[in-house]
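The values are calculated or read from the model by the stated rules, or taken from the named source; none is laboratory data. Keep in mind that what you see is a predicted model, and the values were worked out from it rather than measured. When we count neighbours, we look across all protein chains shown, and the Cβ atoms used for this are built from the backbone with ideal geometry, even at glycine.
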Amino acid sequence: MPISDSVKLNGKVTIFHPTLVNLYGCEVGDGSRIGAFVEIQKGAFIGERCKISSHTFICEGVTIEDECFIGHGVMFTNDRFPRATNPDGSPQTDTDWSLELTRVKRQVSIGSNATIVCGITIGQGALIAAGAVVTRDVPDFAVVAGCPARVVGDVRQMAAAKTKLTINEVVEEAVGS
């Protein structure tokens, strides 16, 4: 797996296992760290001081702003109606589908194995629970969980009550597990 010459690494970017990533045509900001088995496609943008954990897929059309945490195995999409072929059976090409953009604002944390469906914005400071399937915009500082993900709390309130509840307890309380 290569790091293509078309990748723009700004400042000091740490790629822990350069032979175990697939980066091409993307831009990564200063101070960001990228784990093993990560793919970042052309046209994707990673801000400064981000952590992209192993086994994550960031496709074309995804913008991740500064200071975001992306957990292990997070998957982004960029096409709401993916198909391998056209109705006549011919293989689809780049002109046969519509790229939908996704924006992850500053200081967002996305838990392991979350799926982020394209065409949405995740608000500043939001927290996406592990395994969530995010299908719509997420407000600033919201905690979302589930499939489909729904708001179950507020990061600022959780921080104030940090000594009392863990994220798992907040999610369990909200979804009734």
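One line per residue, one yes/no per condition, for (1) of a type in the set (A, V, I, L, M, F, W, C); (2) modelled with pLDDT of 95 or more; (3) farther than 18 Å from residue 54 by Cα:
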residue	(1), (2), (3)
1	yes, no, no
7	yes, yes, yes
10	no, yes, yes
13	yes, yes, no
32	no, yes, no
37	yes, yes, no
40	yes, yes, no
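Does residue 28 satisfy being under 14 Å from residue 70 (Cβ atoms), at pLDDT 95 or above and out of contact with any Ser or Thr (no Cβ under 9 Å at 6 or more places or on another chain)? Yes.
Please determine whether any residue of the range 76-89 is aromatic (Phe, Trp, Tyr) and under 14 Å from the mean Cα position of the chain (by Cα). Yes; the residues of the range 76-89 include at least one that is aromatic (Phe, Trp, Tyr) and under 14 Å from the mean Cα position of the chain (by Cα). Could you tell me which residue of the range 158-177 is modelled with the lowest pLDDT, considering only residues that are under 21 Å from residue 104 (Cα atoms) and surrounded by 12 or more Cβ atoms within 10 Å (Cβ to Cβ)? So the residue we want is 167.
In the set (1) buried (at least 20 other Cβ atoms within 10 Å of the Cβ); (2) of a type in the set (A, V, I, L, M); (3) over 19 Å from residue 45 (Cα atoms), the condition left unmet by residue 122 is number (3).
All of (1) closer than 23 Å to residue 6 by Cα; (2) crowded, with 17+ Cβ neighbours inside 10 Å hold for residue 95 with one exception: (2).
Quick one: in the range 27-81, which of the residues that are of a type in the set (Val, Ile, Thr) and surrounded by fewer than 22 Cβ atoms within 10 Å (Cβ to Cβ) is farthest from residue 102 (Cα to Cα)? Give the steps one after another, and end with the answer.
Of the range 27-81, the ones of a type in the set (Val, Ile, Thr) are 28, 34, 38, 40, 46, 52, 56, 58, 62-64, 70, 74, 77.
Pick out the ones that are also surrounded by fewer than 22 Cβ atoms within 10 Å (Cβ to Cβ) and you get 63, 77.
Details: 63: 6, 77: 8 Å.
The qualifying residue farthest from residue 102 (Cα to Cα) is 77.
Being among the polar types (S, T, N, Q) and surrounded by fewer than 18 Cβ atoms within 10 Å (Cβ to Cβ) is a property that residue 102 lacks.
Identify, from the list 144, 151, the residue that is crowded, with 21+ Cβ neighbours inside 10 Å and either without any contact (Cβ under 8 Å) to a residue 40 or more places away in the chain or in contact with a His (Cβ under 6 Å, 6 or more places away or on another chain) (or both).
Values: 151 fails: crowded, with 21+ Cβ neighbours inside 10 Å.
Matching residue, one of 144, 151: 144.
Within the range 86-110, the set of residues being of a type outside the set (Ser, Thr, Tyr), touching a strand residue (DSSP E or B) at 6+ places or on another chain (Cβ under 9 Å) and within 18 Å of residue 135 (Cβ to Cβ) comprises 101, 103, 104, 105, 108, 110.
A quick yes/no check of all residues on (1) more than 20 Å from residue 28 (Cα to Cα); (2) outside any strand (DSSP E or B); (3) in contact with a Gly (Cβ under 9 Å, 6 or more places away or on another chain):
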| site | (1), (2), (3) |
| --- | --- |
| 66 | no, yes, yes |
| 73 | no, yes, no |
| 80 | yes, yes, yes |
| 89 | yes, yes, no |
| 99 | yes, yes, yes |
| 107 | no, yes, yes |
| 113 | yes, yes, yes |
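Close Cβ contacts (under 6 Å, 6 or more residues apart or on different chains) running from residues in the range 66-85 that are farther than 15 Å from residue 131 by Cβ and touching a residue at least 40 places away in the same chain (Cβ under 8 Å) to residues that are aliphatic (A, V, I, L, M) and part of a loop (DSSP other than H, G, I, E, B) comprise 68/108; 77/117; 78/99. Residue check: is residue 53 modelled with pLDDT under 95 and hydroxyl-bearing (Ser, Thr, Tyr)? No; evaluated as a whole, the condition is false for this residue.
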